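One structure is given here, and the rest of the page talks about it.
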Amino acid sequence: MPVRLLALIPVAVAISLALSAAVEAVALPLFLDTTGTILATALAGPSVGVAVGVLTSAVNTLRNPTFWPFVVIQIIVALYAGLAARAGLFRGLRTAVPAGLGLGVIASLTSTPISYFLFGCTTTGGIALTTALGRALGLPPLGACFFGSFVSDFGDKAVTFALVTSVLHALPRRTAARFPLALRAIGAA
Amino acid sequence: MNPLTLEGVEFHYPATEAPALRDVSLAVAAGEIVALVGKVGAGASTLLLVAADLAPRITGGRLTGTVRRRARSGIVLPTPWTQLSGMAFTVWDEVAFGPANLGWPGREIARHVERALERLEIAALAERDPVTLSGGEVQRVILAGILAMDPDVVLLDEPTAELDPAGARALWRLVRVLAGEGKAIVVATSDLDAVPAVADRVAWLEQGAVRAMGAPDLLAEEATCEAGLGTTVAGVWRAAGLAAPYPLTVADAIQRWR
Amino acid sequence: MRTRHPFTLLTLAAALPTLAWLLPAPAGALGTAAVAFGLATAAGVRRVLVPAVVTAAPFWLFLFVLHDLPTTLAIGLRITTMVAGFVWLAAVLAPDRLVEAMVARGWSVTVAYVFAATLSAVPLFRARARRIVEAQRCRGLSPRGSVAKRLRALRALALPLLLSALHEVDERALALETRGLRSGARRTPLAPPPDPALERAARWALLLVCIAALVGRLV
């Protein structure tokens, strides 16, 4: 693996985890913990993205061990972002935001069974609360769990895609040209 | 054969029209110290990257001309923090990072690391975590890490940027010692006052081309002083309206006064 | 425990939750939770056991609210095992020992680098993000206002962080290259942790126990 991609991976993981400070400052219910994964995939392809995703989960696990099984989600995110990048969907917000919403649906569909069967939907306070809300609304247990993760995932992935699009377009050409797939992702190749 | 030779080198960064280096030729002999001076963006850093075989290999871009390297080179870049390996939790391990990657046996690594720590006067920091160090200390650790790899060509980009005056003096002394051991040294620096005592030759870079090359007296000439690249003494002499040729160092000025 | 080989510590921390989920609840999970608590206590009551209990407590609360008693017990004990195991691991596993263990075992230096560099980079970038937030706060950033306004503020915070990070990737690549980091090269281990045959046997035994539990569960 070329040394630049080797240097990219730890930085991309650190980005994903550092953005929580920004999110807290604006008090929005987002995670943005797949930002590094999606950005790395757009710049260097899904295999690098998967590495970033796995490592992000591993570091997250140090803080909340129940996050580990959700590494599957990070891998799916990397693969999805790879397809989106190849299709040049990062060329503007008009294509990126719907792509992000699509990923949000897929992500919550995948995380619900994991959350439900392994942890009874109690991975975070937010999820537990929205699940309780869903139950109060009369949804069946699995449905309530889906409701819990959907609400947070949907917006989160759309915002992440939008953010990555902004970054890719803000990169000076000289820097972007050094990453093999960056130009294709923004439809400029 | 010289450890490092550049002939007619032209280099473009990726996706950039203007060349970063134009028709640059430079041959550095073993034991010689060449100083690169110039304004920001003149191409000194790029020249060092080309000499270190990092451009275009890692940076991308295209290079025409010839670069001949007889020996291994090591480069110290200007921003110390980004050069920390991230894989070492003590200064000792950080300095040993390079030699370990080269696959040297443990005892040889220890020998080189101890020597490098001594030379940079940071033996006392050996057990510290690199992230707790000051900018100047990190710069010395990085330099120690490069020296521990025993390169024959040492390339330094603004090595005294983070150091205090005493640290800078110690560093220039070390540079002379390294040259004395036969290493070829190319240093890009804006510390012009130190250059006469350290460098054997000076190359003045402007917009990617070598505008002038010669002995350090170059820094007391009219053209360099006008460009703001003369030594302080020469600049003051000129600004005072005193007659050329301008003195290069304080000692020269005192000589002229007598 | 701290002097054990890092792979042993990892295997133990991975085996406990695996067994907690594979063995029949709640007895199996109770057993693994007890083992995990035992390890945590041995590593230090205040440093490890208390944080483990504190981290696991909220899950019990949510479970109690959402589920009936048997489910709460089963999942609660499993989560407790996982939490206690990981908190214990984080306390006893020294990252540099793990990196040295990987290098000594002949794993690709790139894998070892990526692990270690990630652990170093995370606090660095977190601190940088906080500094950017502070700087923007001085310029009037506040968590109030419409969603659109807050999204724009988020962008203003995130973009500098991300762009400077990508620029730094370039510089890091140059530095790593000049210091000889190469895919597939054999790196000399600087301080390889000892790996007694007994520990290696214990790791294999744990692995077999997990496989047996998996088979037992499927059959």
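The values are calculated or read from the model by the stated rules, or taken from the named source; none is laboratory data. All values derive from a computational prediction rather than experimental measurement. FYI the Cβ positions are ideal-geometry reconstructions off the backbone, even for glycines, and counts take in every protein chain you see.
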- request: Read through the list (1) touching a helix residue (DSSP H, G or I) at 6+ places or on another chain (Cβ under 6 Å); (2) closer than 19 Å to A:ILE76 by Cα, then give the number of the only condition that A:THR131 fails.
  value: (2)
query: Hey, among B:ARG115, B:ARG57, B:ARG111, which residue is more than 22 Å from B:VAL175 (Cα to Cα) and surrounded by fewer than 24 Cβ atoms within 10 Å (Cβ to Cβ)?
result: B:ARG57
task: Determine, yes or no, whether A:LEU28 is modelled with pLDDT under 95, in a helix (DSSP H, G or I) and at the interface with chain C (Cβ under 7 Å from one of its Cβ atoms).
output: no
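Residues are listed down the side, and each one gets a yes or a no for (1) under 17 Å from C:GLU171 (Cβ atoms); (2) of a type in the set (Asp, Glu); (3) at the interface with chain C (Cβ under 9 Å from one of its Cβ atoms):
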residue: B:TRP92; (1), (2), (3): no, no, yes
residue: B:ASN101; (1), (2), (3): no, no, yes
residue: B:GLU118; (1), (2), (3): no, yes, no
residue: B:ARG140; (1), (2), (3): no, no, no
residue: B:GLY145; (1), (2), (3): yes, no, yes
residue: B:GLU162; (1), (2), (3): yes, yes, no
residue: B:ARG173; (1), (2), (3): no, no, no
residue: B:GLU181; (1), (2), (3): no, yes, no
message: Among the residues in region C:102-122, are any away from chain B (no Cβ under 14 Å), among the hydrophobic types (A, V, I, L, M, F, W, C) and part of a helix (DSSP H, G or I)?
response: no
- request: Quickly run through region B:193-244 and pick out the residues that are aliphatic (A, V, I, L, M) and farther than 29 Å from B:VAL177 by Cα.
  value: B:ALA209, B:ALA223, B:ALA227, B:VAL236, B:ALA239, B:ALA240, B:LEU242, B:ALA243, B:ALA244
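Rundown of residues vs (1) over 25 Å from the mean Cα position of the chain (by Cα); (2) modelled with pLDDT of 90 or more; (3) hydrophobic (A, V, I, L, M, F, W, C); (4) within 24 Å of B:MET87 (Cα to Cα), yes/no style:
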residue	(1), (2), (3), (4)
C:ALA129	no, yes, yes, yes
C:CYS138	yes, no, yes, no
C:LYS149	yes, no, no, no
C:PRO160	yes, yes, no, no
C:LEU176	yes, yes, yes, yes
C:THR188	yes, no, no, yes
C:ALA191	no, no, yes, yes
C:ALA202	no, yes, yes, no
query: How many of the residues in region B:190-247 are under 19 Å from the mean Cα position of the chain (by Cα) and small (Gly, Ala, Ser)?
result: 11
message: Criterion first (under 30 Å from A:ARG4 (Cβ atoms), among the charged types (D, E, K, R) and either at the interface with another protein chain (Cβ under 10 Å from one of its Cβ atoms) or not in a loop (DSSP other than H, G, I, E, B) (or both)) does C:ARG97 satisfy it?
response: yes
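Quick one: would you say C:ARG137 is farther than 30 Å from B:LEU155 by Cα, surrounded by fewer than 23 Cβ atoms within 10 Å (Cβ to Cβ) and either free of Cβ contacts under 8 Å to residues at least 40 places away in the same chain or at the interface with chain B (Cβ under 7 Å from one of its Cβ atoms) (or both)?
yes
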query: Do we have any residue at all in region C:8-19 that's loosely packed, with under 14 Cβ neighbours inside 10 Å, among the small types (Gly, Ala, Ser) and touching a residue at least 12 places away in the same chain (Cβ under 8 Å)?
result: no
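Go through the residues of region B:89-108 one by one and say whether even a single one is under 16 Å from the mean Cα position of the chain (by Cα) and of a type in the set (D, E, K, R).
As a first pass, look at region B:89-108 and keep what is under 16 Å from the mean Cα position of the chain (by Cα): none.
No - not one qualifying residue is present in region B:89-108.
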- prompt: Of the residues B:ALA240, B:ALA212, B:ALA203, B:ALA234, which is touching a Leu at 6+ places or on another chain (Cβ under 7 Å) and surrounded by fewer than 17 Cβ atoms within 10 Å (Cβ to Cβ)?
  reply: B:ALA212
message: Looking only at region A:64-117, filter to residues that are over 16 Å from the mean Cα position of the chain (by Cα) and among the small types (Gly, Ala, Ser); which one of those is nearest to A:LEU183 (Cα to Cα)?
response: A:GLY88
- request: Name every residue in region A:31-42 that is part of a helix (DSSP H, G or I) and either within 8 Å of another protein chain (Cβ to nearest Cβ) or at positive phi (or both), in order of residue number.
  value: A:THR35, A:LEU39
In region C:170-198, residue farthest from A:ARG174 (Cα to Cα) [restricted to those that are more than 10 Å from chain B (Cβ to nearest Cβ) and not in a loop (DSSP other than H, G, I, E, B)]: C:LEU198
query: Filter region B:123-166 for residues that are surrounded by fewer than 17 Cβ atoms within 10 Å (Cβ to Cβ) and in contact (Cβ under 8 Å) with a residue 40 or more places away in the chain; which is farthest from the chain's Cα centre (by Cα)?
result: B:ASP129
statement: All conditions in (1) at pLDDT below 95; (2) buried (at least 24 other Cβ atoms within 10 Å of the Cβ) are true of A:THR37 except (1)
Where a residue in region B:59-82 is on the phi > 0 side of the Ramachandran plot and within 14 Å of chain C (Cβ to nearest Cβ) and its partner, wherever it lies, is buried (at least 18 other Cβ atoms within 10 Å of the Cβ) and part of a loop (DSSP other than H, G, I, E, B), with Cβ under 7 Å and at least six apart: B:GLY60/A:ARG178; B:GLY61/B:TYR13; B:GLY61/B:ALA55
- request: Identify the single condition in (1) more than 12 Å from chain B (Cβ to nearest Cβ); (2) touching a residue at least 12 places away in the same chain (Cβ under 8 Å); (3) over 25 Å from C:ARG47 (Cα atoms); (4) not hydroxyl-bearing (Ser, Thr, Tyr) that C:ALA165 does not satisfy, given that it satisfies every other one.
  value: (1)
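Go through B:ALA27, B:ALA71, B:ALA55 for me and flag whichever is more than 18 Å from C:ASP96 (Cβ to Cβ) and modelled with pLDDT of 90 or more.
B:ALA27
The rows are residues; the columns are (1) at pLDDT 85 or above; (2) within 25 Å of C:ASP195 (Cα to Cα); (3) surrounded by fewer than 17 Cβ atoms within 10 Å (Cβ to Cβ); (4) not assigned by TED's automatic domain parsing to the domain that holds C:ASP195.
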position: C:ARG47; (1), (2), (3), (4): no, no, yes, no
position: C:PHE62; (1), (2), (3), (4): no, no, no, no
position: C:LEU69; (1), (2), (3), (4): yes, no, yes, no
position: C:GLY76; (1), (2), (3), (4): yes, no, no, no
position: C:MET82; (1), (2), (3), (4): yes, no, no, no
position: C:TRP88; (1), (2), (3), (4): yes, yes, no, no
query: Do we find that A:GLY138 is of a type outside the set (Asp, Glu), away from chain C (no Cβ under 13 Å) and either buried (at least 21 other Cβ atoms within 10 Å of the Cβ) or part of a helix (DSSP H, G or I) (or both) in this structure?
result: no
- request: List every residue pair whose Cβ atoms sit under 9 Å apart, with the two residues 6 or more apart in sequence or on different chains, where the first one lies in region C:116-132 and is under 14 Å from A:ALA7 (Cβ atoms) and the second, anywhere, is among the basic types (Lys, Arg).
  value: C:ALA117/C:ARG172
query: Which ones in region B:1-44 are among the hydroxyl-bearing types (Ser, Thr, Tyr) and under 20 Å from B:SER73 (Cα atoms)?
result: B:THR5, B:SER25
